[in-house]
Structures are given as C-alpha cells and as structure tokens.
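The values are calculated or read from the model by the stated rules, or taken from the named source; none is laboratory data. These numbers come from a predicted model, not from an experiment. As a convention, Cβ positions derive from the backbone with ideal geometry for all residues, glycine included, and neighbour counts pool all protein chains shown.
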Amino acid sequence: MVKVFINGYGNIGRRLATALSVDKEIQFVGVAKYTIDEKVKEALDNHYNVFVPEDMVGLCKEKGYDVTGTVKDAVGRADLVVDAAKEGGGFENKKNLYLPMNKPAIFQGGEDRHGEFAVADMIHNSRVNYDKAAGKTYVIQGSCNVSGMGRIMQPLKEKFGDRILRYDVSLIRRWADLEDTKAVKDSIEWDRNPHHQDDVKDFIPDANLYVDAFKVPSRMMHLHHMMIRFKDKAPTRDEILECYRKEFGVAILKSAKGTADVRKKAIELGFVHGDTNMVHIHEDILRVQDDTVKLAYSDDQTGMVIPENHMLIQSMVFKRPRAEALARTDSLFQMSKKRKILEEEAFK
Ligand SMILES: NC(=O)c1ccc[n+]([C@@H]2O[C@H](COP(=O)([O-])OP(=O)(O)OC[C@H]3O[C@@H](n4cnc5c(N)ncnc54)[C@H](OP(=O)(O)O)[C@@H]3O)[C@@H](O)[C@H]2O)c1
C-alpha cells in the first residue's frame with residue numbers, strides 16, 4: 001500500500017484522482033485546490049479529501065467547504081506526490097515542499113527536464129524506459145504528445161532499426177481542452193521552440209527526430225503527421241500496421257473522419273472523462289511513397305498520460321515487472337476493451 005497525494009485538480013489532476021482513488025494498492029490521501037470554485041465542491045462530492053494552502057483554510061470553512069487541511073499536511077501524509085500543477089508550477093512545489101519534506105514526486109510534462117528549472121533527471125515513457133524509473137525519487141511523466149511519439153516510434157525502431165534515416169513530425173495541437181473555459185482563437189499559431197523533440201530524445205536518444213508544432217482552433221485531440229524516411233524503399237502499409245497490432249495503447253482506426261469524431265464517440269460510449277487514453281492510427285490516410293511512410297495518428301491529450309502516470313507509480317514505488325504493471329493498468333483503465341470497441345465497432 002502506498003499513500004498518494006495529487007497536488008492539483010485541473011484537467012490532469014481530476015483524471016488522476018478518478019483512477020488512483022479506486023486502485024486497491026493506493027491509499028488515496030486526496031487532492032489540492034488553489035482556487036475556491038465549483039471544483040472544490042466537485043472534489044468533495046467525489047468523497048476526496050481536499051487540501052488547500054494554509055491561508056485558504058478559513059475562507060473555505062466560511063464558504064461551507066469542509067476541507068481536510070493544508071497542502072503541507074497532505075504532502076506530509078503522503079509517501080508519493082503526483083504533482084499536477086499547471087505548467088512550470090512543479091518546480092516551486094519541489095523547492096518549497098517535496099525537497100524539504102523529503103518526498104518523492106512525479107511531475108507532469110509541462111515541467112522542465114533541463115536548465116535552472118529542471119525538476120527531474122528523466123522523462124518516463126512506459127513503452128521505452130519503464131524499468132529505468134524503478135526506485136527513482138523524481139521523474140517527469142512525458143507530455144501527451146511526447147508519450148504518443150514514444151509509443152509510435154519505439155516499435156518502428158525495434159522492427160526497422162537503422163533502415164530509418166529520420167522522423168519529421170508536424171504536431172497539430174488543440175487550442176484548449178473541452179473542460180477549459182478559455183476562448184478558442186480563430187488562428188493557426190506556431191511554436192517557435194517546441195519542447196517535444198528534446199523530450200523524446202531523452203528516452204530515444206539516437207532518434208533523428210525533427211518536430212514542428214502548430215496550434216489550431218479546436219478543443220478535441222492532437223493530430224501528429226509523422227514522415228518516416230528510410231534508407232531504401234519503405235516498408236509496405238501492412239508491415240507498418242503489423243508493428244501496432246499488439247501494442248498497448250494504440251488503436252488502428254479505419255473510418256474516423258477527424259479528431260472530433262473520435263472524441264465524441266468516446267463521450268457517447270461513456271468512456272470515463274470522455275477519454276480513450278490512447279493514440280489512434282488513421283489507417284485510411286497511411287501512405288507509403290518511395291522511401292517515405294506518412295503516418296497520421298490522433299493523440300488523446302487529456303487521457304494519454306493518466307495510465308502513463310499509473311505505470312510510473314508501479315515502476316517507481318513497486319518496482320514491478322513491466323508486463324505485470326501493464327496488466328494492472330489495463331484492468332484499471334479498460335484500455336484493451338476500449339481499443340476493441342473503437343477498432344471493431346465504432347470505426348471499423
Ligand atoms: N491538459 C492536457 O491535455 C495535458 C496533457 C498532458 C500533460 N499535461 C500537463 O499536466 C500539467 C497540468 O495540466 P492541466 O491541463 O491539468 O492544467 P490545468 O487544467 O490548468 O490545472 C492546473 C491545476 O494547477 C492547480 N494549481 C495552482 N497552483 C498550484 C500549485 N502551486 N501546485 C499545484 N497545483 C496548483 C490549479 O488549481 P486551481 O484550479 O484550484 O487554481 C489547477 O487545478 C501541466 O504540466 C501540463 O503540461 C496536460
């Protein structure tokens with residue numbers, strides 16, 4: 001049994017709470033809130049203990065919210081903190097709370113791996129370096145895009161090795177998540193310095209990878225368009241698809257028309273939080289041209305990293321063999337079942 005506290009209750013924190021609070025080998029300490037809003041009520045209605053900064057305890061009580069204590073109390077009670085602060089907030093939390101209180105922590109993909117604000121010396125991807133996280137004190141769980149790229153690139157690397165010359169990826173990113181209240185701007189914007197290329201190279205160091213990222217006015221999923229260039233003639237479509245038939249967290253869809261199709265179907269099918277928790281290869285637009293494979297897959301940004309965090313806990317804390325961890329994560333998130341429904345019923 002491990003006591004886990006989730007520091008943050010935004011898009012990622014809420015999803016982590018849903019999953020970790022029902023895992024039988026986790027004693028769930030609770031979640032942190034930093035703003036007094038309707039999400040405090042939601043967390044309390046879900047029967048989570050809610051912790052707030054010290055100066056908010058009185059105000060919460062005044063407003064009738066029965067919070068359990070301070071964030072500092074919660075960190076003290078936990079064996080492991082899963083930090084789910086908004087991008088960059090994990091660094092301050094590590095400095096002010098986790099380091100002084102000697103608490104291990106998992107950080108999310110918006111934190112830095114290098115430089116003065118670095119929070120950890122590795123980025124986890126359960127497909128690539130799961131074992132390396134065993135016993136570590138601080139680890140970053142790669143972001144949704146970085147997790148998705150690792151999941152797609154590693155099987156290719158294992159099957160085709162040095163026949164692959166380079167990967168060029170255009171990341172087409174959603175503007176905001178469905179739950180976000182911020183407006184979606186009518187513009188296509190570019191990222192001058194996308195972090196994804198360096199992040200992926202943290203766990204696949206020899207990948208000759210080049211990433212460009214564009215943000216589009218959508219709230220649905222990300223789409224990655226990956227060009228894989230081979231030394232000689234590229235493999236066939238079937239050979240490429242064969243790499244993913246048994247891959248955990250990869251669905252192969254034949255008839256989806258776009259990212260909204262996949263997201264709306266997940267919601268309609270009653271998947272928890274409307275997440276598929278995977279990447280979806282779009283077989284209908286997989287192209288092989290001379291020496292190049294053009295692979296497009298959508299990436300469930302909000303859902304992808306939740307099972308990844310669950311895998312990471314099993315490596316860091318329980319040092320469990322990967323196959324066993326995958327089986328537990330699959331049972332908690334029902335990913336094989338969801339994949340089957342998506343592939344064989346929804347988008348066959
Ligand atoms: N959204 C995605 O699709 C996605 C996917 C993969 C990875 N990530 C990464 O996950 C992290 C969280 O993203 P998100 O989308 O969940 O952000 P979010 O929805 O904006 O939520 C951020 C949360 O941080 C809380 N917070 C404020 N100050 C804090 C502090 N000092 N310590 C801890 N939490 C604090 C906020 O609480 P209040 O609301 O109470 O103020 C809010 O609930 C980021 O690193 C992001 O890059 C996000």
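Miscellaneous remarks
- Top-ranked residue in region 66-112 [being crowded, with 19+ Cβ neighbours inside 10 Å and among the polar types (S, T, N, Q); ranked as nearest to the ligand (Cβ to nearest atom)]: GLN108
- Here GLY135 meets each of (1) more than 16 Å from the ligand (Cβ to nearest atom); (2) touching a Leu at 6+ places or on another chain (Cβ under 7 Å); (3) outside any helix (DSSP H, G or I) with one exception, condition (2).
- Residue check for ALA183: in the same structural domain as ALA260 (by TED's automatic domain parsing), under 20 Å from the mean Cα position of the chain (by Cα), within 16 Å of the ligand (Cβ to nearest atom) and among the aliphatic types (A, V, I, L, M): no
- Unique residue being in contact with an Asp or Glu (Cβ under 8 Å, 6 or more places away or on another chain) and in contact (Cβ under 8 Å) with a residue 12 or more places away in the chain when the list is TYR167, TYR138: TYR138
- Of residues in region 171-194 being touching a strand residue (DSSP E or B) at 6+ places or on another chain (Cβ under 8 Å) and within 15 Å of ASP300 (Cβ to Cβ), the one surrounded by the most Cβ atoms within 10 Å (Cβ to Cβ): ARG174
- Qualifying residue in region 295-305 (condition: more than 14 Å from the ligand (Cβ to nearest atom), β-branched (Val, Ile, Thr) and buried (at least 21 other Cβ atoms within 10 Å of the Cβ)): no
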